[in-house]
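To start, the structure under review is shown below, and the notes come after it.
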């Protein structure tokens, strides 16, 4: 991992991809590449299949506790990432919360909501979204802390495997079921591919001065190839520079500290 990331630092490689330990890869990447602007730690982003395409969700594990300033930084990075990978000219952005009302949630998410509405960042911010809005594709980018994002991601991966297993079991119970599976084979194959976690494998660390992509440690060859493909697309874009420029626009003095955390 050290050698791969060091090649990015030295300009010998456009990106690094690793299925190794996430914490170690994060530490090496921060040490060798440093973070952009006033960002403390990079964010890990996931590509989430939805009814309307793909939603970028961050953070999904790199930052367990996040204040309002960090959530705003995630919105900036998610905007640049989604535009670079999915080609959306002006991605819509939402903050994951326990409700869509402005008074819902703890102080940090409410404060981040106020900042995103008041700061001139050029973002298409739509407010709060709920958990079921992720799969609906309600917005292009969903911002959350790493604890919540990781739990949501692992839950979705487990549900996808459950649905695939249940479909196989249901369509093998009787000869009529097997006949139905044969008739619907094409549609079932397409749905299975869409629910396959390897199809969206690869989570980039956003906010580094370089491209580093974390692959799932248990992925197959197809999944790792998809992670490499994602890294190559990021290396060919200017999203690293765009993130750095936008983060530099958000000076620390622009953020007011949130009050003591409470939940509404």
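Structure summary
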read-out	value
Failed condition for residue 236, given (1) surrounded by 13 or more Cβ atoms within 10 Å (Cβ to Cβ); (2) modelled with pLDDT of 80 or more	(1)
Selection within segment 1-20 - assigned to a helix (DSSP H, G or I), touching a residue at least 24 places away in the same chain (Cβ under 8 Å) and out of contact with any strand residue (DSSP E or B) (no Cβ under 8 Å at 6 or more places or on another chain)	2, 6, 9
Test: residue in segment 126-139 that is in contact with a helix residue (DSSP H, G or I) (Cβ under 8 Å, 6 or more places away or on another chain), part of a loop (DSSP other than H, G, I, E, B) and within 24 Å of residue 204 (Cβ to Cβ)	yes
Test: residue 60 is in a strand (DSSP E or B) and either without any contact (Cβ under 8 Å) to a residue 12 or more places away in the chain or touching a helix residue (DSSP H, G or I) at 6+ places or on another chain (Cβ under 7 Å) (or both)	no
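Residue-by-condition table, conditions (1) closer than 22 Å to residue 122 by Cβ; (2) surrounded by 24 or more Cβ atoms within 10 Å (Cβ to Cβ):
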position	(1), (2)
19	no, no
29	no, yes
37	yes, no
50	no, no
64	no, no
69	yes, no
84	yes, no
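The values are calculated or read from the model by the stated rules, or taken from the named source; none is laboratory data. Here the structure is a predicted model, which is why all the values come from computation and not from measurement. Neighbour counts are summed over all protein chains in view; Cβ atoms, including those assigned to glycine, are modelled from backbone coordinates with ideal geometry.
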